[in-house]
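*Asks:* Take this structure, written in C-alpha cells, and hold onto it; I'll ask about it next.
The values are calculated or read from the model by the stated rules, or taken from the named source; none is laboratory data. For clarity, every value in this text was computed on a predicted model and none was experimentally measured. Cβ placement follows ideal geometry from the backbone for every residue including glycine, while neighbour counts extend to all protein chains displayed. Just the protein is used for accessible areas: all its heavy atoms, side chains included, with ligands, DNA and RNA removed. Shrake-Rupley method; radii C 1.70, N 1.55, O 1.52, S 1.80 Å.
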Amino acid sequence: MENKIEHAKRLIEEAIKNYPRVGVACSFGKDSIVTVHLAREVDPNIEVFSIMTQYKPKETFEYLRLMNKKMNLRITVYMVADSVPEALKDGSLKVRLLPTDEFHQRTSEIKTQTGKKIYEINPDECCRLLKVEPAKVAVSNLDAWICGLRNTEGRIRENYQEVENKGGLIKINPILTFTEAEIWRYIATRGIEPHTWYRKGYRSLGCAPCSRAGGELERDGRWKDTSKCGGECGIHTQILK
Ligand code: SF4
C-alpha cells in the first residue's frame, strides 16, 4: 500500500507541475476525503471544491462543514439552490449558489404530469441539472482536476485511467488502484474521521433518495432498483468543457 500512496502523490505532484490551474473534487465520501488528504500533503494550498445538491443527506452537509474546519480546506461548494441549506450554513464556508430556473421548471413539469419527483422519473435529468451542470461551472477555470475514482468500485469504473483527457480538461485519478480495504486502512492510520453513514452499512454515498446501504459491489446501492443502478451521475462520463 505504501507504494500506491507514493505513486498517488507523484501523480498529484506531476499534475501541479504540469498544469497551472488544478483543483481537487470532493464529494465527502471515503475516497474523496483520502484524495483530498493526499493532495494536501503534496500542496497544502491546493484548491478544493465540491458539488452538493439539495438532496444530499444533512449528515453530508454536517460532515463537509466539520472537515472543512478540521482540515482547513477553504473549500468552495457549488450548488443549484435558492438558498444555502440550514445544515450547510457556516460563515466561513464559500457556497456558490447556481440558478435554479431550469430545475424548478423540469421538476414542476414532472410533478404535474406524473405526481412524482424528478429523481423517481428521470434520474439522469436530475443528475444533469444538479450535478453535471454545476461541475461544468466548477471546472470552467481549471486545466486539470483530481478525483477519487477507483477501479474496483463498480463495473463502470473498471477501465478508467489514471490520467484522462476529456475535451482538453485533464482528469487525474491518483487512487485508482486502491482497494476499498486500503482506503479504510489509510483513513484509520491517518486518524481521519469518516462520514457517519458508513456506520450504517453504506459503501458509496450519494444523494439520500438514490443511495442504499450494502451491495455486492461498492456502487450497487446507488440508484438501486432503477435502470441506473450502480451507474454514474455523469460528472465522470460526460465532457465538462
Ligand atoms: S443522485 Fe438522485 S437526487 Fe441526486 S442529482 Fe442524481 S437523481 Fe437527483
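*Asks:* Scanning region 86-106 for residues that are in a helix (DSSP H, G or I) and closer than 18 Å to MET52 by Cα, which turns out farthest from the ligand (Cβ to nearest atom)?
*Replies:* GLU86
Matching residues to (1) of a type in the set (D, E, K, R); (2) loosely packed, with under 15 Cβ neighbours inside 10 Å; (3) within 14 Å of the chain's Cα centre (by Cα):
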position: LEU176; (1), (2), (3): no, no, no
position: GLU182; (1), (2), (3): yes, no, no
position: ILE187; (1), (2), (3): no, no, no
position: THR196; (1), (2), (3): no, yes, no
position: ARG199; (1), (2), (3): yes, yes, no
position: SER204; (1), (2), (3): no, no, yes
position: CYS207; (1), (2), (3): no, no, yes
position: SER211; (1), (2), (3): no, no, yes
position: GLY214; (1), (2), (3): no, yes, no
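*Asks:* I'd like the full set of residues that are farther than 25 Å from ALA138 by Cβ and not hydroxyl-bearing (Ser, Thr, Tyr), limited to region 160-186.
*Replies:* Within region 160-186, GLU180, ALA181, GLU182, TRP184, ARG185 qualify.
This table checks each residue for (1) within 16 Å of the ligand (Cβ to nearest atom); (2) in contact with an Asp or Glu (Cβ under 7 Å, 6 or more places away or on another chain).
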site	(1), (2)
ALA144	no, no
LEU149	no, no
GLU153	yes, yes
LYS171	no, yes
PHE178	no, no
ARG190	no, no
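*Asks:* Name the single residue that is farthest from SER27 (Cα to Cα) among those in region 85-94 being under 20 Å from the mean Cα position of the chain (by Cα) and open to solvent by 40 Å² or more (accessible area, probe 1.4 Å).
*Replies:* Only one residue fits best here, namely LYS89.
*Asks:* Conditions first: (1) part of a helix (DSSP H, G or I); (2) away from the ligand (no atom under 11 Å from the Cβ); (3) within 27 Å of LYS30 (Cβ to Cβ). TYR119 passes all but one, so which condition is the exception?
*Replies:* (2)
One line per residue, one yes/no per condition, for (1) in a loop (DSSP other than H, G, I, E, B); (2) free of Cβ contacts under 8 Å to residues at least 40 places away in the same chain; (3) not hydrophobic (A, V, I, L, M, F, W, C):
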| position | (1), (2), (3) |
| --- | --- |
| ARG150 | yes, no, yes |
| ILE156 | no, no, no |
| TYR160 | yes, no, yes |
| ILE170 | no, no, no |
| ILE175 | yes, no, no |
| PHE178 | yes, no, no |
| GLU182 | no, no, yes |
| ARG185 | no, no, yes |
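*Asks:* Working carefully through the options GLY234, GLY191, find the one that is more than 17 Å from ASP31 (Cβ to Cβ), free of Cβ contacts under 8 Å to residues at least 12 places away in the same chain and surrounded by fewer than 21 Cβ atoms within 10 Å (Cβ to Cβ).
*Replies:* Sole residue among the options that is more than 17 Å from ASP31 (Cβ to Cβ), free of Cβ contacts under 8 Å to residues at least 12 places away in the same chain and surrounded by fewer than 21 Cβ atoms within 10 Å (Cβ to Cβ): GLY191.
*Asks:* For ARG219, state whether it is within 15 Å of the ligand (Cβ to nearest atom) and either part of a helix (DSSP H, G or I) or among the β-branched types (Val, Ile, Thr) (or both).
*Replies:* Here the answer is yes, as ARG219 does meet what is asked.
*Asks:* Ok, one more. Can you work out which of the residues in region 200-216 that are touching a Phe, Trp or Tyr at 6+ places or on another chain (Cβ under 6 Å) and assigned to a loop (DSSP other than H, G, I, E, B) is nearest to the ligand (Cβ to nearest atom)?
*Replies:* CYS207
*Asks:* Kindly indicate the residue of region 50-59 that is within 11 Å of the ligand (Cβ to nearest atom) and hydroxyl-bearing (Ser, Thr, Tyr) and also farthest from ILE118 (Cα to Cα) among those meeting that condition.
*Replies:* The selected residue is THR53.
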